[in-house]
1. Looking only at residues in the stretch 203-231 that are crowded, with 20+ Cβ neighbours inside 10 Å and part of a strand (DSSP E or B), which one is nearest to the chain's Cα centre (by Cα)?
2. Starting from the stretch 97-122, keep only residues that are over 22 Å from residue 388 (Cα atoms) and outside the structural domain of residue 160 (by TED's automatic domain parsing), then list their pairs with residues that are part of a loop (DSSP other than H, G, I, E, B) and at pLDDT below 95 whose Cβ atoms are within a distance under 6 Å, requiring at least 6 positions of separation or different chains.
3. Could you check the stretch 6-24 and list, in sequence order, the residues that are touching a strand residue (DSSP E or B) at 6+ places or on another chain (Cβ under 6 Å) and within 19 Å of residue 79 (Cβ to Cβ)?
4. Does residue 461 meet the test of being over 15 Å from residue 319 (Cα atoms), buried (at least 20 other Cβ atoms within 10 Å of the Cβ), out of contact with any helix residue (DSSP H, G or I) (no Cβ under 8 Å at 6 or more places or on another chain) and touching a residue at least 12 places away in the same chain (Cβ under 8 Å)?
5. Could you identify the single residue in 171, 189 that is within 20 Å of residue 451 (Cβ to Cβ) and outside the structural domain of residue 25 (by TED's automatic domain parsing)?
6. Which one of these is in contact (Cβ under 8 Å) with a residue 60 or more places away in the chain and farther than 30 Å from residue 303 by Cα: 447, 431, 437?
7. Right, residue 251: in contact with a strand residue (DSSP E or B) (Cβ under 6 Å, 6 or more places away or on another chain), part of a loop (DSSP other than H, G, I, E, B) and either buried (at least 19 other Cβ atoms within 10 Å of the Cβ) or modelled with pLDDT of 95 or more (or both) or not?
8. I need the full set of residues from the stretch 312-345 which are assigned to a strand (DSSP E or B) and closer than 24 Å to residue 61 by Cα, in order please.
């Protein structure tokens, strides 16, 4: 079977790219190894409860009618109406460090006023940093790369405020330890602080159903349980894929959301380059509560926290670093009705190699893997009590995923949620006809991932065709 484009992976970027191409009558297939779509942002059912994976919130919130913002561009490119997303904004969130908390919401002035209150000598520098962020064109795919911390330090001289600014941005998008690329810092600053958070009533399931329905309506083909074994090449050009089943599919263009390291491996590289392998993976504990978080005195929607004055965003030497992380209360979004389940989710940085080495026996609570999950669940819950009231007496049910879970369901080497530290901004791999979309192209967040798929589909397929890319 021959296609105009084969897309590897049915995550946000793959589905958005597929919709965009199918809209222009391209013959396109999205291949997904697993039985459900979504990639890093999916959902599952456990003991009668529906849980999201990945999605705490959709960043880049924009109200209906806003123009020129990432969400607005996404809706226009995919011909989706704003109300179809069913987005409901956050109340307020916070960055919480020892002795200082900064609240923020979808109204940027709240964060600015909080900085002025907690760091009065830094507010002029914060204003200057904000102007630099607003003026930078993060969509210039050919802009030179530079580290973010030296740029930020031109404006912010207090190291605690510096770390408080970086903490949410790193947890929600950085594949690098300790620092970020400046363009990615700008993307995340805008998406989190200048635009903000929102969530559909039904969580990520609603977004994925909308994309799947739109893709199928446009005429795209989706194949589940269709893992790619290798990318076929001929004289330095990608010509298709071979599936795990041995079936071969050919195409003019292959768009891969598998990740840079993973795509290199599919091309037959002898191993991966150690410098490219991402180190940052996570555990997440999901607690089902017997009452809403607000009734326990937890008002924030999301809290990014550190129990140390200096925030360390790095792979821990032990299984999990519970001294920092993200606490999410999905029910604290401004939803039209209370969710069925009252959830509290805690995300921490974890060490993939240590989790991968643990002995695991299915349904055996005494095995090393299960015992470690229980131990780190308890430690993770204990270490957030500096930032929220004690919720533990109200927990009815617990589930937890680890870097090993992430590796299994995403295919990312080392369970690296944000992929390789190296990003291919233009998508070009050096192999004609093969382009990277999604995490390792470099656009971040759910909206960013979808825009990555769209922009690469426009650039490498539609703009190479007679049809104009509207």
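1. Filtering first and then ranking leaves 228.
2. Matching pairs, first to second residue: none at all.
3. Hits for the stretch 6-24 are 7, 14, 17, 18, 21, 22.
4. No; evaluated as a whole, the condition is false for this residue.
5. The conditions single out 189.
6. 431
7. Considered against the rule, which asks whether it is in contact with a strand residue (DSSP E or B) (Cβ under 6 Å, 6 or more places away or on another chain), part of a loop (DSSP other than H, G, I, E, B) and either buried (at least 19 other Cβ atoms within 10 Å of the Cβ) or modelled with pLDDT of 95 or more (or both), residue 251 comes out as no.
8. Correct list: 325, 326, 327, 328, 333, 342, 343, 344, 345.
The values are calculated or read from the model by the stated rules, or taken from the named source; none is laboratory data. Quantities reported herein were computed from a predicted structural model and do not represent experimental measurements. We place every Cβ from the backbone using ideal geometry, glycine too, and count neighbours over all the protein chains shown.
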